[in-house]
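Each value in this text was obtained by applying a stated rule to the coordinates, not by laboratory testing. Note that the coordinates shown come from a computational prediction; the quantities given were computed from them, not determined experimentally. Glycine also receives a Cβ, built like all others from the backbone with ideal geometry; neighbour counts cover every protein chain displayed.
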Amino acid sequence: MELHRLTILEARNLLEKGEISPSELFGAFLARIEKVDPLIKAYITICEKEIEDIVEKRGKLYGIPIAVKDNICTRSIRTTCGSRILENFIPPYDATVISKLKKEGAVIIGKTNMDEFAMGSSTENSAFFATRNPWDLERVPGGSSGGSAASVAADLCVASLGSDTGGSIRQPASFCGVVGLKPTYGRVSRFGLVAFASSLDQIGPITKDVADCAYLFSIISGFDPLDSTSYPIESEDFTKYLGRGVKNLRVGIPEEYFALGVDREVKEVVLRAVELLSGEGVEVLEVKLPHTEYAIATYYIIASAEASSNLERYDGVKYGFRVGDYRNLDDMYVKTRTFGFGKEVKRRIMMGTFSLATGYYDAYFLRASKIRALIKRDFDEAFRKVDVIITPTAPTTAFKLGEKLEDPLTMYMSDVLTVPSSLAGLPAMNLPCGLDSNNLPVGLQIIAPLFREDLLFTVGYVLESLVPFERKEVPLGV
Ligand code: GLN
C-alpha cells in the first residue's frame, strides 16, 4: 500500500494498529512532496520539523499530515496569505481550527498556495507563483484554495483546510476532483483566519472522500467564544450520517444553474449523477432560484466593500511589509500598499471603497444587501419543497493557465454557481461525479439548509458510491 494514497480513516486505522508510525507516514509525504511538488507547486511553506511536536500525543488525527491554506494563522509558521505584504509574517498564535487539529494530534505538513488574500478563482493571483492542476499541468487548480485542493488531489497530504468566501473551497475541489465543504456560516470558527469578507468567510475541509470530510468537519466545527459570529452549537460526530439511506429524500434541481454559460458536458455529467440518485428512491423536483442572475454583482459589491475595510490594517505600521524608502508617514502608507498589494487586491479595495462612499452607498452596498436578502429568500422557498439542492459546482472544468487572467469579469463568472449559497450562508459541498472529454474532473454541488451538513454527508456518501469517478493516481512520470 502506498502511504500517500491513504485517506484519513485508512491512515488512522494503520496508525492505531501500529502497522505504520507517524514519522514513517510523514516521511513518505515529505519524500513525495520533494519529487512531485516542483511540478504542482501546491506549497508556499513546507513544515519539515512539525512532526517533532506531536509524536507523544494521541488523538483523532494522531500522526495525520494535514496541509493548511496560507491565510490560516499557524503559530511560528509563516502565514503569507499569498501576498507580499505578509510575506514574512509569522503569527504569534494559532487559529482556532489549528488548535483543534493539534489537540487531536494532527501534523501540519505545510502551508498551501492561494490567490492573494483569497481573491481569485485560479490561484494565479498568488504573489509568489501559480499552482498547477494535477490532472493537467497546463491548467489551473481553481482558486482561491488552489494549493489546498491540488495538494489533496496529488497526494501531497492526507487532507487539507481551505477557506471559502464565494466558492474558494468548492470550485478548486471541483477542478481537482476532490471533496470540499463550505460549512454553514458561523459553524467553524474564523478566529485566526485572515479576514477577506467577514460576513462570508468560512474555513472548511478538502479531502479525498466524503467520509474524511465528515470526520475532519466534526473536529474543526463548533462554537468558539473567540469569534463573535460563531454560532452557539457544539460539534458532533458527523460520520454517523454516512451510510444512512436516501429513500424518499427530495432533491431540487434549479433550472437557473443549468442555464447560460454552463458547459454542456458539465450539465450532462451532473444530470447523470442525479439520475443515478433517483434510482435510489430519491424524488427529483424542479425548483426556482430566480435571483441567481444577480448573485455575482451582489457578491462582488459586498465582498469588495468588506475587503476594503478589512485590508485597511495593512499599512506598514504594526506588522507586515513596509517599504524602506519614504519621505513621511503618508508616503510610507502609499508606497507600502502600492508595492505590498497585487493588482486584483487593489482592484477590490478600489471597488469596495467606491461602493461604500457617501453618495454611492445607497446605489451599491445598500442595494446589494437587499438583493442578498432576496437570494436568501429564494433558498428558503426552495427548501420548503426539497431537502437538498444539486447543481454543478462550476460552469466549466479546469481552464488553462493564463486563459482568464487578463479579463476579471470572465474570471468572476467562474463563481456564478457558488456565490449564491455563500450569500445565503448555506452549507454546500463539492463532490467529483465524473470526467469530461478532456479527462478533467466534473464536480457537483450539494446545497443544504442552514446547519444541515448532515444531509450533505448522507447524500454525498451515497452519490460517491454511484458515480463513475476514480481518484487519479498522479505519478506525473516521476
Ligand atoms: N473567486 C471568488 C473571489 O475572487 C471567491 C473567493 C473566495 O471564496 N475566497 O472573490
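The table that follows gives values for the structure above.
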item	result
Shape of segment 181-236, Cα gyration tensor, a/c cut at 1.5	oblate
For segment 299-447: span of alpha carbons on each principal axis (Å, largest first)	61, 40, 26
3J(HN,Hα) from dihedral phi, segment 266-281, Karplus parametrisation 6.51/-1.76/1.60, rounded to Hz, x for glycine, proline	4, 3, 4, 5, 5, 5, 5, 5, 5, 4, 4, 5, 5, x, 8, x
Lys, Arg +1 and Asp, Glu -1 on Cβ, resulting dipole of the chain about Cα centre, debye, nearest 20	760
Three-way shape label, segment 77-163, alpha-carbon gyration tensor, a/c 1.5	oblate
Percentage of interatomic Cα-Cα distances in segment 311-371 larger than 14 Å	62
Distance (nanometres) between label positions extended 7 Å along Cα→Cβ at Met350 and Glu255	4.0
9 Å beta-carbon shell around Val179, net charge (K/R +1, D/E -1)	-2
Relative contact order (percent, whole number), segment 48-110, Cα cutoff 8 Å, 6+ residue spacing	44
Share of Cα-Cα pairs in segment 48-197 lying beyond 19 Å, as whole percent	48
Cα pair distances in segment 1-92, grouped into 10 Å bins until the bin that holds the longest one, percent each	15, 42, 33, 10, 1
Computed label-point distance, nm, for sites Ser199 and Glu312 using a 7 Å Cα→Cβ extension	1.7
As computed over segment 215-367, the Cα convex hull volume per residue (Å³)	216
Globularity index of segment 59-105, i.e. its alpha-carbon radius of gyration over 2.2 N^0.38 Å	1.21
Test item: Cα-centred dipole of segment 1-73, Lys/Arg +1 and Asp/Glu -1 on Cβ, debye	240
Cα point-scatterer Debye curve for segment 396-443, base-10 log of I(q)/I(0) at q = 0.17, 0.23, 0.28 Å⁻¹	-0.67, -0.99, -1.05
Viscosity 0.692 mPa s, temperature 37 °C, Stokes-Einstein D of segment 337-394 from Kirkwood C-alpha radius, µm²/s	227
Intensity falloff of segment 184-294 expressed as log10 I(q)/I(0), Debye formula with alpha-carbon point scatterers, at q = 0.15, 0.17, 0.18, 0.21 Å⁻¹	-0.98, -1.11, -1.14, -1.13
Theoretical gain in end-to-end length, Lys49 to Lys400 [0.36 nm per residue, Cα-Cα removed]	122.9 nm
Potential extension, Leu466-Glu275 segment - 0.36 nm per residue separation minus Cα distance	67.7 nm
Mean projected area in nm² (Cα convex hull; one quarter of hull surface) for segment 265-304	4.3
Per-selection Kirkwood Rh - segment 36-136 (Cα, Å, 1 d.p.)	14.0
All Cα pairs of the chain, percent lying beyond 28 Å	47
Considering only the chain, percent of DSSP beta bridges that pair antiparallel, nearest 5	65
Computed over segment 295-438: relative contact order in percent, which uses C-alpha pairs under 8 Å that are six or more apart	30
Projected label distance in nm at Arg75 and Ala363, using a 7 Å step from Cα toward the beta-carbon	5.0
Relative contact order (percent, whole number), the chain, Cα cutoff 8 Å, 6+ residue spacing	17
Rg over Rh [alpha-carbon atoms, Kirkwood Rh] for segment 120-277	0.98
Dimensionless Rg over Rh [segment 378-478; C-alpha; Kirkwood]	1.03
Pairs from Lys182/Lys318; Lys35/Lys343; Lys111/Lys376; Lys288/Lys376; Lys208/Lys346; Lys35/Lys60 whose Cα-Cα separation, in the structure shown, is over 23 Å	Lys182/Lys318; Lys35/Lys343; Lys111/Lys376; Lys208/Lys346; Lys35/Lys60
Segment 345-393: chymotrypsin sites (Phe, Trp or Tyr not before Pro) in DSSP coil with no more than 15 other Cβ atoms inside 10 Å	Tyr360, Tyr361
